[in-house]
Amino acid sequence: PDEDGRDNLAGLEDAEDYDLILLSVRRRAPTAEQLAAFRRYVAAGRPLVVIRTSCHAFSLRGEPPPEGHAVWEHFDTEVLGCHYANHHKNGIVTTVERDPNAAATGSPAVLLLEGVTLPFASGGSLYLVNPLTEATAPLLVGAIEGKAAEPVAWTATSPGGGRVFATTLGHVSDFANESFCQLLANGIEWAAAGAPPAKPRKP
């Protein structure tokens, strides 16, 4: 609620001490120290779960950040393996179903989609994130009438070799949907299972 402090993501400067980060922010410019710590976290191959607007978490649409702060304009392509380019109109229901290119047995999809009933509906606007890069593995797509389907959930390998679970779902109404909540829980479990050994905690 404090607009003057919206870019101070308190605690992010300690990112390297965390076992897993779940990112849920939109167009923020953390302090230079905070973003540097988060970049080191990613570079170390630590697990990351990213929902909804976080595909443009640290982008200010090309605008310069406030003094002492920093941006990561291409976080979407460099870490998540997608290309965020806006979204469809609000208020249009999205039908979520398995991506036909999702691998079957012996893949993360087995765990990530366990207990998830498909198809299901999402009330949030459908994000435009195509194409996914070669560092990703598709899971779910979203479709609205008359438009091309878009990825809504996938896994990626970060530049540091870490596990990334990304979804453009996560609108407030999605949290009333048991299938979305199960998908998110599965994503957290999968990402955390691939974490490298944790460093000793700071005293």
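The values are calculated or read from the model by the stated rules, or taken from the named source; none is laboratory data. Quantities reported herein were computed from a predicted structural model and do not represent experimental measurements. So basically every Cβ, Gly included, is an ideal-geometry build from the backbone, and we count neighbours across all protein chains shown. These accessible areas exclude ligands, DNA and RNA; they are computed on the full protein's heavy atoms, side chains included. Shrake-Rupley method; radii C 1.70, N 1.55, O 1.52, S 1.80 Å.
Here are VAL79, VAL141, VAL152, VAL129: which of them is modelled with pLDDT of 95 or more, under 15 Å from the mean Cα position of the chain (by Cα), more than 15 Å from VAL49 (Cα to Cα) and surrounded by 14 or more Cβ atoms within 10 Å (Cβ to Cβ)?
Just a single option satisfies the conditions, and that option is VAL141.
For region 52-62, state whether one or more residues are crowded, with 19+ Cβ neighbours inside 10 Å and closer than 18 Å to GLU13 by Cβ. Spell out how you get there, then give the answer.
The first filter runs over region 52-62 and keeps only residues crowded, with 19+ Cβ neighbours inside 10 Å, leaving 52-59.
Filter again for closer than 18 Å to GLU13 by Cβ, leaving 57-58.
There is at least one residue in region 52-62 that is crowded, with 19+ Cβ neighbours inside 10 Å and closer than 18 Å to GLU13 by Cβ.
Tally up the residues in region 92-115 that are assigned to a loop (DSSP other than H, G, I, E, B) and at pLDDT 80 or above, please.
Within region 92-115, the subset assigned to a loop (DSSP other than H, G, I, E, B) is 92-93, 99-107, 113-115.
Subsequent filtering for residues that are at pLDDT 80 or above retains 92-93, 99-102, 113-115.
Residues meeting the conditions: 9.
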Residue that is surrounded by the most Cβ atoms within 10 Å (Cβ to Cβ) [pool: residues in region 6-20 that are farther than 16 Å from ARG39 by Cβ and touching a helix residue (DSSP H, G or I) at 6+ places or on another chain (Cβ under 7 Å)]: LEU20
Residue that is surrounded by the fewest Cβ atoms within 10 Å (Cβ to Cβ), among those in region 63-76 that are outside any helix (DSSP H, G or I) and touching a residue at least 24 places away in the same chain (Cβ under 8 Å): GLY68
Odd one out for ARG46 among (1) assigned to a loop (DSSP other than H, G, I, E, B); (2) under 13 Å from the mean Cα position of the chain (by Cα); (3) surrounded by 15 or more Cβ atoms within 10 Å (Cβ to Cβ): (2)
Some residue of region 144-152 being outside any loop (DSSP other than H, G, I, E, B), in contact with a helix residue (DSSP H, G or I) (Cβ under 9 Å, 6 or more places away or on another chain) and of a type outside the set (D, E, K, R): no
Residue within region 157-168 that is open to solvent by 10 Å² or more (accessible area, probe 1.4 Å), in a helix (DSSP H, G or I) and either modelled with pLDDT of 95 or more or within 18 Å of ARG52 (Cα to Cα) (or both) present: no
